[in-house]
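Beneath this line is the structure, given in structure tokens, with notes to follow.
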Amino acid sequence: MTVTIAAPSAVTAVPAAGNAAALDHFAGRLAFETDVSDVAADLAAKAPGIIVVDSRNLESWEQGHVRGAVHLPTAEIAARAADVIPAGATVVTYCWGPGCNGATRAALEFAKLGYPVKEMIGGFEYWVREGFTTETSAGVSRRGIDPLTAPASGIACAC
């Protein structure tokens, strides 16, 4: 008789959190983060009270940025935010992409100033990859959708 021992599961080797902890964790993440699709939808709808802030340097901004965003590099937030961002506005910060924590640093600066703030996960990289409009001094453009990040039809995934 051969006894087969099942391999331990990489997924369940550490059990999933209990329901209350999972609720706290996932609701907490949504309180701190938003994604490019939701930001694009709000900008298109002209949702009131939302200001998108590009926290990158001038060279990066000029290379391309979210159309309608405000350029406010992280190092300038403390000195300029009150002149550029209306009090009470919900600030959405972004930087290059998932490999960059510049949006997180910018969000921290806005939180220190008392602004409600969220970080746009995916940053400029995923904004471009999902085919949303970008802007440079040369004008407005839109690249094709990367089918690994969004439906090629351009219709939101409704996730």
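The values are calculated or read from the model by the stated rules, or taken from the named source; none is laboratory data. Note that the structure is a prediction, hence the values are computed from the model and not measured. Backbone-built Cβ (ideal geometry, glycine too); neighbour counts: all protein chains shown. All accessible areas refer to the heavy atoms of the entire protein, side chains included, with ligands and DNA or RNA removed. Shrake-Rupley method; radii C 1.70, N 1.55, O 1.52, S 1.80 Å.
Odds and ends about this structure:
Residue-by-condition table, conditions (1) in a helix (DSSP H, G or I); (2) small (Gly, Ala, Ser):
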| position | (1), (2) |
| --- | --- |
| Thr12 | no, no |
| Ala20 | yes, yes |
| Asp24 | yes, no |
| Ala31 | yes, yes |
| Thr34 | no, no |
| Ala47 | no, yes |
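- Pairs with Cβ under 6 Å, 6+ apart, first in the stretch 38-60 and of a type in the set (D, E, K, R), second surrounded by 12 or more Cβ atoms within 10 Å (Cβ to Cβ) and assigned to a loop (DSSP other than H, G, I, E, B): Asp54/Ala69; Arg56/Cys95
- Filtered residue count, the stretch 36-45, keeping only those that are assigned to a helix (DSSP H, G or I), among the aliphatic types (A, V, I, L, M) and over 9 Å from the mean Cα position of the chain (by Cα): 4
- The set of residues from the stretch 91-104 being outside any strand (DSSP E or B) and hydroxyl-bearing (Ser, Thr, Tyr) comprises just one member, Thr104.
- Residues in the stretch 105-136 that are at positive phi and more than 18 Å from the chain's Cα centre (by Cα): Gly114 alone.
- Yes/no for Gly88 being in a loop (DSSP other than H, G, I, E, B), under 23 Å from Thr136 (Cβ atoms) and either under 13 Å from the mean Cα position of the chain (by Cα) or modelled with pLDDT under 95 (or both): no
- Looking only at residues of the stretch 99-114 that are open to solvent by 30 Å² or more (accessible area, probe 1.4 Å) and touching a helix residue (DSSP H, G or I) at 6+ places or on another chain (Cβ under 7 Å), we find that the one that is farthest from Arg67 (Cα to Cα) is Leu113.
- Residues satisfying the stated conditions in the stretch 105-123, i.e. assigned to a helix (DSSP H, G or I) and out of contact with any strand residue (DSSP E or B) (no Cβ under 6 Å at 6 or more places or on another chain): Arg105, Leu108, Glu109, Lys112
- Flag not set for Ala150, criterion: open to solvent by less than 40 Å² (accessible area, probe 1.4 Å), in a helix (DSSP H, G or I) and over 15 Å from Ser60 (Cα atoms).
- Residues located in the stretch 12-48, provided they are farther than 30 Å from Thr133 by Cα and open to solvent by less than 60 Å² (accessible area, probe 1.4 Å): Gly18, Ala21, Ala22
- Conditions (1) surrounded by 18 or more Cβ atoms within 10 Å (Cβ to Cβ); (2) at positive phi: number failed by Gly139: (1)
- Annotation: of all residues in the stretch 71-96 being in contact with an Asp or Glu (Cβ under 7 Å, 6 or more places away or on another chain) and within 11 Å of Glu119 (Cα to Cα), the one that is surrounded by the fewest Cβ atoms within 10 Å (Cβ to Cβ) is Thr93.
- Looking across the stretch 120-136, just one residue is open to solvent by less than 40 Å² (accessible area, probe 1.4 Å) and among the acidic types (Asp, Glu), and that is Glu130.
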